[in-house]
1. Given (1) among the polar types (S, T, N, Q); (2) closer than 19 Å to Asp194 by Cα; (3) touching a Ser or Thr at 6+ places or on another chain (Cβ under 8 Å), where does Gln139 come up short, assuming only one miss?
2. Which pairs turn up if I take residues in the stretch 76-90 that are of a type in the set (Val, Ile, Thr) and look for partners that are open to solvent by 50 Å² or more (accessible area, probe 1.4 Å) with beta carbon separation below 6 Å, at least 6 apart in sequence or on another chain?
3. Would the stretch 176-199 turn up any residue that is in contact with a strand residue (DSSP E or B) (Cβ under 7 Å, 6 or more places away or on another chain) and over 27 Å from Asp100 (Cβ atoms)?
4. Does Thr3 satisfy being among the hydroxyl-bearing types (Ser, Thr, Tyr) and assigned to a loop (DSSP other than H, G, I, E, B)?
5. Of Asp138, Asp132, Asp114, which residue is closer than 27 Å to Ala184 by Cβ, within 21 Å of the chain's Cα centre (by Cα) and acidic (Asp, Glu)?
6. Among the residues of the stretch 41-58, is any of a type in the set (D, E, K, R) and touching a residue at least 12 places away in the same chain (Cβ under 8 Å)?
7. What are the pairs with Cβ atoms under 9 angstrom where one residue, in the stretch 25-38, is of a type in the set (A, V, I, L, M, F, W, C) and the other, located anywhere, is open to solvent by 80 Å² or more (accessible area, probe 1.4 Å)? Sequence gap at least six, or different chains.
Amino acid sequence: MTTSISQPTPLPGYVAPDPIPAGVKDVPGLLRWETTPREEAMALAGQLTRESFTYDEVYGQFVTVHQYIDAPPQAVYEYLTDVRNLNEYTYSTRDFAPTDVPGVYQGRDVLLDDQTKIFMRIDGDPNALTVDMRCAWDQGQELWMNYLHRIVPAEIVLNKPGSVVIWTNCRHPYYDKNPHPELASTPERPWVGDMWPLFYAGHQVEIDNLKKILEHRHGSPSA
């Protein structure tokens, strides 16, 4: 006995783009099947794939951590968009309270001392399941540190219930140079950008905390 599988049928009348679209034919350095033989492309891929990479090669400009969480995507979204929960799963951000700027909260980041102010706004999209945390040390006028979260229903990508959380930080130029050193809690305090080499470890710890808390509250009994 065979099982027939119904396949989508291409619609008639559709005209596919040119193999080398006019919009990209003059773009230098593109590697595409139409212009680069398979053997050459595979050889290049092999050159780009090594047994080990330096920290800067992997996390020089972007630090991404990700985690599977046995909790419904909407529960993860609601948890991440509630600023009070930063007290629970982050290592060092505490005591956020509303300010006179709508949507902006002030708290403390006790990563390096007890007095550093941190300002935070959380922008969420419940349909896209994105949560962008915009924050800054010492001042709340320019929230330049961006913690970008994407929650993906695990049913789609792992074929099981739960959520996959992807969390990315980009290396804004202010990480390398404090734009307002006069606002630091003390002149001797190190700058948050000095911690960039530890961002992967620090954020992995925090996303692991997130997983433990949410699975404790929402996880399936067998997890």
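The values are calculated or read from the model by the stated rules, or taken from the named source; none is laboratory data. The structure displayed is predicted, hence computed values, not measured ones. As a convention, Cβ positions derive from the backbone with ideal geometry for all residues, glycine included, and neighbour counts pool all protein chains shown. Each accessible area value is taken on the protein alone, full model and side chains, heavy atoms only, with ligands, DNA and RNA left out. Shrake-Rupley method; radii C 1.70, N 1.55, O 1.52, S 1.80 Å.
1. Checking Gln139 against (1) among the polar types (S, T, N, Q); (2) closer than 19 Å to Asp194 by Cα; (3) touching a Ser or Thr at 6+ places or on another chain (Cβ under 8 Å), the one that fails is (3).
2. Val83/Tyr105
3. Of all residues in the stretch 176-199, those in contact with a strand residue (DSSP E or B) (Cβ under 7 Å, 6 or more places away or on another chain) come to 192, 199.
With over 27 Å from Asp100 (Cβ atoms) added as a condition, the list becomes 199.
Scanning the stretch 176-199, I find at least one residue that is in contact with a strand residue (DSSP E or B) (Cβ under 7 Å, 6 or more places away or on another chain) and over 27 Å from Asp100 (Cβ atoms), so the answer is yes.
4. Details: among the hydroxyl-bearing types (Ser, Thr, Tyr): yes; assigned to a loop (DSSP other than H, G, I, E, B): yes.
The answer is yes for Thr3.
5. Working: Asp138 fails: within 21 Å of the chain's Cα centre (by Cα); Asp114 fails: within 21 Å of the chain's Cα centre (by Cα).
That would be Asp132, the only listed residue that is closer than 27 Å to Ala184 by Cβ, within 21 Å of the chain's Cα centre (by Cα) and acidic (Asp, Glu).
6. Taking the stretch 41-58 and keeping what is of a type in the set (D, E, K, R), we get 50-51, 56-57.
With touching a residue at least 12 places away in the same chain (Cβ under 8 Å) added as a condition, the list becomes none.
Checked against the condition, which is being of a type in the set (D, E, K, R) and touching a residue at least 12 places away in the same chain (Cβ under 8 Å), the stretch 41-58 yields no hits at all.
7. Leu31/Glu40; Trp33/Pro19
For every residue, the table says whether it meets (1) under 25 Å from Ala71 (Cα atoms); (2) at pLDDT 95 or above; (3) touching an Asp or Glu at 6+ places or on another chain (Cβ under 8 Å).
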residue: Asp100; (1), (2), (3): no, yes, no
residue: Arg108; (1), (2), (3): no, yes, yes
residue: Asp123; (1), (2), (3): yes, yes, yes
residue: Asn127; (1), (2), (3): yes, yes, no
residue: Asp132; (1), (2), (3): yes, yes, yes
residue: Trp144; (1), (2), (3): no, yes, no
residue: His149; (1), (2), (3): yes, yes, yes
residue: Ala154; (1), (2), (3): yes, yes, no
